[in-house]
Every structure is written in C-alpha cells, then in structure tokens.
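The values are calculated or read from the model by the stated rules, or taken from the named source; none is laboratory data. Not measured: the values here are computed from a predicted model. FYI the Cβ positions are ideal-geometry reconstructions off the backbone, even for glycines, and counts take in every protein chain you see.
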Amino acid sequence: MRERNLSFRSDPALRRTHTIVLNEGDPEGKREEIRRYFHATFTVDEALLETLRYDHTFARRADPLRHPLIFYYGHTATLFINKLLIAKLIDERINPAYESMFAVGVDEMSWDDLNTENYDWPSADEVQAYRDQVREVVDRLIQTLPLTMPISWDSPWWVIMMGIEHVRIHLETSSVLIRQLPIEEVRPHPLFPICRQWGEPPPNAMLPVAAGRVRIGKDRDHPLYGWDNEYGVHTVDVAAFQTSQQLISNREFLAFVEDGGYSTARWWTEEGNAWRDYQTLDHPRFWLHENGSYQLRHLFEISDMPWNWPVEVNQLEAKAYCNWLAARSGQPVRLPSEAEWLLLRDRHVSSDQPPWDRAPGNVNLEHYASPCPVTEFAFGDFYDVIGNVWQWTERPIAALRGFEPHPYYDDFSTPTFDTRHTLIKGGSWMSTGNEATRDARYAFRRHFFQHAGFRTVVSDRPVQVQSEVYATDVMLCEYCEFHYGDPCLGVANYPAALAAHCLELMRDRPRRKALDLGCAVGRASFELAKGFEQVTGLDFSANFIRMGVEMQENGSIQYTRVEEGELVSFMERRLDELGLADDHDKVDFFQADACNLKPLYTGYDLVLAANLIDRLYNPRHFLESIAERIVPGGVLVLTSPYTWLPEHTEREEWIGGFRKDGEPYTTLQGLDAILSPCFQRLGEPKDIPFVIRETRRKHQHTVAQLTAWERR
C-alpha cells in the first residue's frame, strides 16, 4: 500500500492560537486577526488528518456509530459554504454534491444517515482539492467583507467565526476517532507531541468546597464567540460539597476493573447495561490488555500504562465507577453538576482564554497532544480544574432561560436537548478556541468516547435532571402554540378570550374556586387565576398536564413548531411575558376523566368546559352530573364547535347533530333538554372563533359556540 505524502506543517504557533475578542479593536486590525485565526484553524485540521497513513484509512469507520474520517474532513469545509449561502454572503456553491454529502451525519440522530451503502466517498486528495477551494473563498470573503465593530450575533462576521469554531470542535472529534484506528494506519506528527511523564499517582483526597452562587450562561454582548446554548441566564445557589483533589487516575480506575466492575450489572444504569452488553468491554476503550499487563493507546503510538494520568471513559463508565465507589465507601458519591463544576472553576481559575500568556492547564494544545499526570497543573489545592481531559457531569444539557437558536445554525444545540446528551466541562488537552472557555457548554451521548474523564463528588444532594426540554409530539406542540402562541390570522388567543368571557360573567358573583375541565396545556387555567382565589385544571391527557405543570414550575415551556415539511422552529413561551406569572401559584393541575370525576372536585363557582363535550365518550353523563360540582348560583360555561365524530363519541351518545322525529335536532337543543332541570341559560349563545396553526401556511379556522348556564 502506498503511503500518502506528508507535508509536516509543524509551526509551533499553530498550537497557541486563541479565540478572538469580538467587541474591541479597530476593524482592519480585527479583519487580519480573524484571517490569521481562520488559516491557523484550517491548517491544524489538515495537519491532524495528515497523520492517516493510507488513502483507504480515510474511508475506514473507526467507530460503528460515526462516519469515517473522510466525512469529517469534508464536513468542516462544507459547513462554511452552506452557512455562507444561508447568510447570503456568497451566491454560488463550489461542489453541490459534496455540500450535500458532507452536510449531516455527525451524531446518531434519526435524520443522520450512517448507512455506508448510501455513500461513494471521494478520495482524500479530492477532498483536499475541495478544501483548497473553500479556503480561497473564505479568505477572499474575509479580505473584502465590510467590517464594523463590535462583531455580534447579528453580524455577518458571526457566520465566519461560526465556521472557524466549528472546525475546532471537530479537531476533537477527529482525534478521538484517530485513537480508534489500527495503529499501523496512522503515523506521528511533530505538531502533536505526547507527554512523556508517567508513574504512580499520589493518594486522591476529597476536599471541601464551600457553598456559593454561580451564574450559568452569558449575555449577548459577551466579548467572545459563543454557541446558542451558552446564552441566557440561570443562577444557582450551590450547597457545600466535597470533590476529589485530582481527576480519577488510571490507577484508581484499575481497582474498579479488577473488582469485576464491567461484569457487575448493579453498578450500571439501565442505559449503561445496554451499552455494556453491546460493547462487551472489560476495561476502558483506550486501554490495551495483553500478556497480563496494560498499555495505553495514544493518537499515534502505544505506551506502557501511565497510571498517574486521568482515566478516559464515557459517562456510563464514569457513573458506574461512582456507584461502585459509593457502595465501597458508604458515602453518596456521584459526578458533579454543571453548577458545582462552575463554582470550583470560578474560585480557582483567575482568567479566561484568550488573555492567557500560557494556558494554566493542559488545554488549547499548548502543552501536550495527550493527557499528562493528574498532579502537573495545580489550581490552589486542586489539580486540573480545567484541561487534561473533559470532565463528565451528571446533568444532560438543557436550554437556558432565554435560549434562541441562531438562525444560520438552528440545529446546533436543539437536537441535544433530548436528555440523552450529557454535559462535559473544563476542556481537554485537545480543546481549543471556544471549547477552552468558561461558558462552553458541550454535550455528548453518554456512550460516546471523548478525551473525557471525571472527578468525583460527595454530596447528599442529588442533581436535579430536567426532563426533555423541547416537546416534539405534533398534537402537543400544536396545542402549546394554540394556547401560548401569538394571535393568528387576526383571531384572538382562544383560551385567553374564553377566560375573559368567564371573568366578565363572574364580575358580580363569588370568585373563590374555578374548574377548567379539559384544560389541555393550561392557558385558560392561568388566565382564570387572575380573577379567582383557586383554579383546578383537569385533563385526560397526562402529556398535556405535564406541559401545564412545567409552565407553572419553570415559568416557561419549550416546543417545536412545524414550519414546512421537516423544517421546524423552536419556541419558548414564558408566563411573565404573557402577564400570568403573578397568580400562577393559584393553579393546581391533575389528570382526570371528565366523565368519571373524583368526589373531591366539587364546590366550584365556575366550571369551564372548553371544546370538551364533543370529545367525550359519554357527554350525557357528564352534563347530567356536572351540577353536583357547582355551588348554587355558580356558572357552567360550555364551548364547542359541535364536531361530533364516531371515533370520539359513539353515534348513540351524541346529544345533537342528528334528526329526531324526522326534524333537525341541534346540540343546543340537546343541551337545553339535559341541563334545564338544574340550570338556566344566561343570555344567548356567542360565536367564538379560534385558529389552530398546523404549519406556517396551513391553519384550522373554526367557530365554537359558547353557552353559559347558571346553577339553580
């Protein structure tokens, strides 16, 4: 097999580049600074992939859950072209086939196509020629695009920074995959020297960390580039805890291995056991065990095991170790939360990149192209607060309050808001650019390998794990938009309009307790709370109730909204922005069957049953029994478009919408007949229109009839 040519671009300055300060400096000086940063970034990426010895190595899948490296070699270039086109900074493609082939496939999402049968990969030389063209296009744009300071989220220059920082993310992705290739198919490179110090680690003490407050997230005027998930505000009061002085070393992790940790199911989560059965490993991925001794796989070589280096594992392995150690020590051992890690960092790291003269830890490629001993970089009484390896946390990534996806890269973060992607903090020896900053928030699937290890925490307080942030169920999302979205097609928000009608009806009546039956995701319940002392929201759907509870507890909900086809937008709706925050604690949400209510739901001054009766399996029973839930003089408000359908209500259970004795019999006539023994109708029925948005260009426009009934 013919080896590929190797240029050995080894300028040491390539390993000391820092991300760019974007809010200060003169425009022309900043232009040249960004130009140097772009070329350094592109060159380091190419230098790393030069280490693949043969052409066929580019097409080899080092990890069955990832594309081969030829994909990533093309992907980092095509992202520039695809994003610059979206931003209208260029008006034509270089290679449409490549800009489709290399666009998507980084994570094992449902829309990623990892089927090798669907790809006819080009050669490394062909991709290199394409990269040269991309480099020329971006360089020309950097030299000619008008630049005003500061560079912000809305600036066209943000897209250029986006492309550069995206390449730096994939330096890590590619280097992890290189460590999984056959050793004979890679070769060393002078730009990436490993640490040559190893031995035995000292004891790893647990040290106290005093309680404190931290802020997660940053403002839009922050001086450094950031990905969308970094912006927002979340302030956390962190209780005191203990954490390990050092990262967990290979030697410490060996005790878990030798105690049968990989074969003992009780240490592993359900997800961990599924992964363990799939992988059939009995030690960390980068360990090699031959002839009774362990070795470690580096980027381009294999060495004796450096026992005093941090162990590199996925989150499932780190969590299993914590569970094992907790059982052995009798203490509540776990991984840190994001807030606990930030508290430790803020107290021991005095500055952030880029002002460093020299990185204070093994990070930004400024020291080694490998981990190093866990005691080489001290931060007060601790070691490796940042750098050496990423540190796994307990917490899946979630959006911060005020999150908004960037319009030019709207799927960077939101696919990870699924509770399956767990945060890593602190950066590794390979983390450069944005990754090596305080506010970086990267997350990976728990079974993925990164240059990641962990430190342990002892705390009686469990980490609160947020449920899935963005609701994606189509009906649920449509109802979230129906309830909390803006008025549509000139029609007022329906739940808010109904609540306003109810409050007007109750203006001169007692307003102690209200029942919102069929409350869906809860908007009318919150609106009624503005005029009632207590509101109960009931719905048959636990999924709908969950969103109401989430809105109440978090003050916001997040959901996807279909625009067209597979394109969605990501919405956040907040109680305070709707003017509903002041009275939200008056509402209680429960799951219930309107046709079979528990006795405790009684004594109401108002019952609102919005668009409910024609969705019940036994509407007559509901109507005949609802009077016992309402106090004398109380009011029942019904709305419905009277859309009787057999899939919801058997034909014989309809209370109108058919011929009776040969004549049309309306639902209003049926309501009069059923309710008149206990109620008298208040005024004439009212027509209330509503619009349910399905897509940007498709809406359901319906008119419901509202009737009000006073309990005799």
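Within the range 263-271, does at least one residue satisfy the condition of being hydrophobic (A, V, I, L, M, F, W, C), assigned by TED's automatic domain parsing to the domain that holds residue 338 and part of a helix (DSSP H, G or I)?
yes
May I ask you to list pairs of residues, at least six apart or on different chains, whose Cβ atoms are under 6 Å apart, with the first in the range 562-578 being within 17 Å of residue 409 (Cβ to Cβ) and the second being among the hydrophobic types (A, V, I, L, M, F, W, C) and surrounded by 18 or more Cβ atoms within 10 Å (Cβ to Cβ)?
568/562
Just the residues that are of a type in the set (Lys, Arg) and modelled with pLDDT under 90, please, taken from the range 513-557.
546
Restricting to the range 262-291, name every residue that is surrounded by fewer than 10 Cβ atoms within 10 Å (Cβ to Cβ) and of a type outside the set (S, T, N, Q).
Scanning the range 262-291 gives 266, 270, 290.
Of the residues that make up the range 592-603, is at least one out of contact with any helix residue (DSSP H, G or I) (no Cβ under 8 Å at 6 or more places or on another chain), part of a helix (DSSP H, G or I) and among the charged types (D, E, K, R)?
For the range 592-603, residues out of contact with any helix residue (DSSP H, G or I) (no Cβ under 8 Å at 6 or more places or on another chain), part of a helix (DSSP H, G or I) and among the charged types (D, E, K, R): absent.
Take residue 450 and decide whether it is buried (at least 19 other Cβ atoms within 10 Å of the Cβ) and in contact with a Lys or Arg (Cβ under 7 Å, 6 or more places away or on another chain).
Answer is no for this residue.
Rundown of residues vs (1) under 21 Å from residue 179 (Cβ atoms); (2) in contact with a helix residue (DSSP H, G or I) (Cβ under 7 Å, 6 or more places away or on another chain), yes/no style:
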| position | (1), (2) |
| --- | --- |
| 18 | no, no |
| 33 | no, no |
| 49 | yes, yes |
| 55 | yes, yes |
| 84 | no, yes |
| 99 | no, yes |
| 103 | no, yes |
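Find the residue count for the range 581-601, including only residues that are in contact with a strand residue (DSSP E or B) (Cβ under 9 Å, 6 or more places away or on another chain), modelled with pLDDT of 95 or more and either of a type outside the set (Gly, Ala, Ser) or not assigned by TED's automatic domain parsing to the domain that holds residue 528 (or both).
Summing the residues that are in contact with a strand residue (DSSP E or B) (Cβ under 9 Å, 6 or more places away or on another chain), modelled with pLDDT of 95 or more and either of a type outside the set (Gly, Ala, Ser) or not assigned by TED's automatic domain parsing to the domain that holds residue 528 (or both) in the range 581-601 gives 3.
Among the residues that make up the range 101-120, is at least one of them in a helix (DSSP H, G or I), closer than 21 Å to residue 45 by Cβ and modelled with pLDDT under 95?
yes
Tell me, which strands (runs of 3 or more DSSP E) wholly within the range 621-673 include 3 or more residues that are aliphatic (A, V, I, L, M)?
Of the strands (runs of 3 or more DSSP E) lying wholly inside the range 621-673, those with at least 3 residues that are aliphatic (A, V, I, L, M) span 630-640.
Do we have residue 580 as under 30 Å from residue 655 (Cβ atoms) and among the aliphatic types (A, V, I, L, M) here?
So residue 580 fails the test.
Do we have any residue at all in the range 154-161 that's part of a helix (DSSP H, G or I) and either aromatic (Phe, Trp, Tyr) or at pLDDT below 95 (or both)?
Yes; the residues of the range 154-161 include at least one that is part of a helix (DSSP H, G or I) and either aromatic (Phe, Trp, Tyr) or at pLDDT below 95 (or both).
Could you check the range 351-391 and list, in sequence order, the residues that are in a strand (DSSP E or B), touching a strand residue (DSSP E or B) at 6+ places or on another chain (Cβ under 6 Å) and over 24 Å from residue 188 (Cα atoms)?
391
Given the condition part of a strand (DSSP E or B), at pLDDT below 95 and buried (at least 22 other Cβ atoms within 10 Å of the Cβ), answer yes or no: does some residue in the range 479-495 qualify?
Taking every residue of the range 479-495 in turn, none turns out to be part of a strand (DSSP E or B), at pLDDT below 95 and buried (at least 22 other Cβ atoms within 10 Å of the Cβ).
Return the residue satisfying two criteria in turn: it lies in the range 317-333 and is surrounded by fewer than 23 Cβ atoms within 10 Å (Cβ to Cβ) and of a type in the set (A, V, I, L, M), and of such residues it is nearest to residue 279 (Cα to Cα).
Among them, the one singled out is 325.
Only residues in the range 218-232 that are in contact (Cβ under 8 Å) with a residue 60 or more places away in the chain and small (Gly, Ala, Ser) count as the first member; pair them with residues that are surrounded by 21 or more Cβ atoms within 10 Å (Cβ to Cβ) and assigned to a loop (DSSP other than H, G, I, E, B), Cβ under 6 angstrom, at least 6 apart or cross-chain, and list the lot.
Partner pairs satisfying both residue conditions: 232/403.
Find all pairs meeting these conditions: Cβ atoms under 7 angstrom apart; at least six residues apart or on different chains; first residue within the range 521-539 and closer than 15 Å to residue 601 by Cα and assigned by TED's automatic domain parsing to the domain that holds residue 637; second residue part of a helix (DSSP H, G or I) and among the basic types (Lys, Arg).
Short answer, once both residue conditions are applied: 534/586; 535/586.
Which ranges mark the strands (runs of 3 or more DSSP E) fully within the range 181-262 that have 2 or more residues being of a type outside the set (Gly, Ala, Ser) and under 16 Å from residue 456 (Cβ atoms)?
206-209, 241-244
Could you list, in sequence order, the residues of the range 247-260 that are touching a helix residue (DSSP H, G or I) at 6+ places or on another chain (Cβ under 9 Å) and buried (at least 21 other Cβ atoms within 10 Å of the Cβ)?
Those that are touching a helix residue (DSSP H, G or I) at 6+ places or on another chain (Cβ under 9 Å) and buried (at least 21 other Cβ atoms within 10 Å of the Cβ): 248, 252, 253, 256.
For the range 15-26, which residues satisfy the criterion of being under 15 Å from residue 167 (Cα atoms) and either modelled with pLDDT under 85 or β-branched (Val, Ile, Thr) (or both)?
15, 17, 19, 20
Does residue 640 meet the test of being touching a residue at least 60 places away in the same chain (Cβ under 8 Å) and under 30 Å from residue 228 (Cα atoms)?
Here the answer is no, as residue 640 does not meet what is asked.
Return the only residue of 402, 380 being within 27 Å of the chain's Cα centre (by Cα), surrounded by fewer than 23 Cβ atoms within 10 Å (Cβ to Cβ) and not assigned by TED's automatic domain parsing to the domain that holds residue 169.
402
I'd like to verify a number: residues in the range 330-350 that are touching a residue at least 60 places away in the same chain (Cβ under 8 Å) and assigned to a helix (DSSP H, G or I), how many?
Selection size over the range 330-350: 10.
Could you check, for the range 480-495, whether at least one of its residues is among the acidic types (Asp, Glu) and touching a residue at least 40 places away in the same chain (Cβ under 8 Å)?
Taking every residue of the range 480-495 in turn, at least one turns out to be among the acidic types (Asp, Glu) and touching a residue at least 40 places away in the same chain (Cβ under 8 Å).
Being closer than 19 Å to residue 259 by Cβ and of a type in the set (S, T, N, Q) is the filter here; which residues of the range 280-311 pass it?
280, 293
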